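Take a look at the structure set out below.
The values are calculated or read from the model by the stated rules, or taken from the named source; none is laboratory data. Note that this is a predicted model, so its numbers are computed, not measured. Positions of Cβ are backbone-derived with ideal geometry, glycine not excepted, and every protein chain shown enters the neighbour counts.
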Amino acid sequence: MFESDASTVAQQANTGALPPASEVSALVREAHSRYASHSEGKVADYIPILARAQAEHFGISLIEATGATYSVGDWQQSFSIQSISKAFVFALVCDAIGHEAVHRRIGVNNTGLPFNSVIAVELNRGSPMNPMVNAGAIATTALIPGDSPSAQWDYIHNGLSRFAGRELRVDELVYESEISTNQRNRSIAELLDSYERLPVDPLDAVDVYTRQCALAVTSQDLAMMGATLADGGVHPISGERIVSAEVARDTLTVLASCGLYERSGEWLFEIGLPAKSGVSGGIVAIAPGKGAIGAYSPPLDPAGNSVRGQRACAYLSRALGLNLFASNAQQQAR
Ligand code: GLU
């Protein structure tokens, strides 16, 4: 889907700071105007309330590790964070229990199967495989410190709000819509429990997980949360350390291999950045040391990734020379 972007030629591979503000600002505006009229993709409806999203909404934000912020379009439009919460809850769990334990208890390999696959759990004898699919995310949420579901929820709510730099609130309508229709996630949790993979009651884990997915964010919140990971775990505006540099690194590594569902390999091949998307149409792409792009546009590709969001990130990654694997100008150009 990125072939039509072939005219976007990066000036150089960027190994340091981003270009001057006027240039970044013009590119963010260009990313918006290029794709605002694209109409491919389908708004998610398996969680009933998500079907009410407006397909034309399109917001883009870019926040540098220095805190410089650029936003365009519907960047103030709030939407539920959905799967993108998985990245930040994983970071909180890594910080709490450490690299070895998350590797052993959750895993870091892509399943190659849809995000809500039950068969992936069976095929891997109960291993949740990675924290970015629902099985792994529910197992990760279950490992959050706290001696009750409400203590675990407080830990997540506080942690994700610290990443964003403001108190996030739950969209109760989204929570209600999902909790009353999420038989599949309940089945996944029961299956994990049958393999003794959950340290808590499976339905409690699903409830906390569903609540974390219903946190309302904007594209600017996503960019800020991503920029905190880009900045080695330090919030770019407040200077507060949210997670260690090692945890930020480990989180980005998992996003690189598992962040865009079963299209993660294609994404990395084309864009070269760790990223995470969610079924409400959000996406965050992170350029380590430099900053992050947050985008919102509800129509999704068949894997569940925002179509305009991917295109905007692709454009900005190329125009700003963000591909992690490029070492010279030629490699960035297409
Ligand atoms: N809450 C959603 C679910 O569990 C998140 C899915 C997603 O964004 O990938 O199905």
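Here are a few things to note about the model shown:
Per-residue answers, yes or no, for (1) modelled with pLDDT of 95 or more; (2) within 26 Å of VAL284 (Cα to Cα); (3) crowded, with 18+ Cβ neighbours inside 10 Å; (4) within 14 Å of the ligand (Cβ to nearest atom):
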residue	(1), (2), (3), (4)
ASN130	no, yes, yes, yes
ASP154	yes, yes, no, no
ARG166	yes, yes, no, no
ASN182	yes, yes, yes, yes
ALA189	yes, no, yes, yes
THR218	yes, yes, yes, no
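- Failed item in (1) part of a loop (DSSP other than H, G, I, E, B); (2) surrounded by 16 or more Cβ atoms within 10 Å (Cβ to Cβ), with SER238 passing the rest: (2)
- Screening the stretch 286-334 for residues that are of a type in the set (Gly, Ala, Ser) and in a loop (DSSP other than H, G, I, E, B) and picking the one that is modelled with the lowest pLDDT gives ALA333.
- Hits in the stretch 200-216 - residues which are surrounded by fewer than 16 Cβ atoms within 10 Å (Cβ to Cβ) and within 16 Å of the ligand (Cβ to nearest atom): LEU203
- Of all residue pairs spaced 6 or more apart or on separate chains, those with beta-carbon atoms under 7 Å, a first member in the stretch 18-47 that is over 19 Å from ALA292 (Cβ atoms) and a second member that is of a type in the set (Val, Ile, Thr) and crowded, with 16+ Cβ neighbours inside 10 Å are HIS38/VAL307; GLU40/VAL307; GLY41/VAL307; ALA44/VAL279.
- Residue check for VAL72: modelled with pLDDT of 85 or more, over 15 Å from SER257 (Cα atoms) and in contact with a strand residue (DSSP E or B) (Cβ under 8 Å, 6 or more places away or on another chain): yes
- Residue count for the stretch 164-184, restricted to those that are farther than 10 Å from SER80 by Cβ, of a type in the set (Gly, Ala, Ser) and either touching a residue at least 60 places away in the same chain (Cβ under 8 Å) or in contact with a Ser or Thr (Cβ under 8 Å, 6 or more places away or on another chain) (or both): 2
- Residues within the stretch 124-155 that are β-branched (Val, Ile, Thr) and either in a loop (DSSP other than H, G, I, E, B) or more than 16 Å from ASP95 (Cβ to Cβ) (or both), tallied: 3
- Qualifying positions in the stretch 45-85 - within 16 Å of the ligand (Cβ to nearest atom), surrounded by 21 or more Cβ atoms within 10 Å (Cβ to Cβ) and part of a loop (DSSP other than H, G, I, E, B): ILE47, ILE81, GLN82, SER83
- Against the conditions (1) modelled with pLDDT under 95; (2) surrounded by fewer than 24 Cβ atoms within 10 Å (Cβ to Cβ); (3) within 16 Å of the ligand (Cβ to nearest atom), ARG197 satisfies every one except (3).
- Just so you know, in the stretch 271-284 the residues that are closer than 24 Å to ASP250 by Cβ and within 16 Å of the ligand (Cβ to nearest atom) include one that is nearest to the chain's Cα centre (by Cα), and it is LYS276.
- Taken over the stretch 57-89, residues that are more than 15 Å from the chain's Cα centre (by Cα) and more than 18 Å from GLN220 (Cα to Cα) amount to 0.
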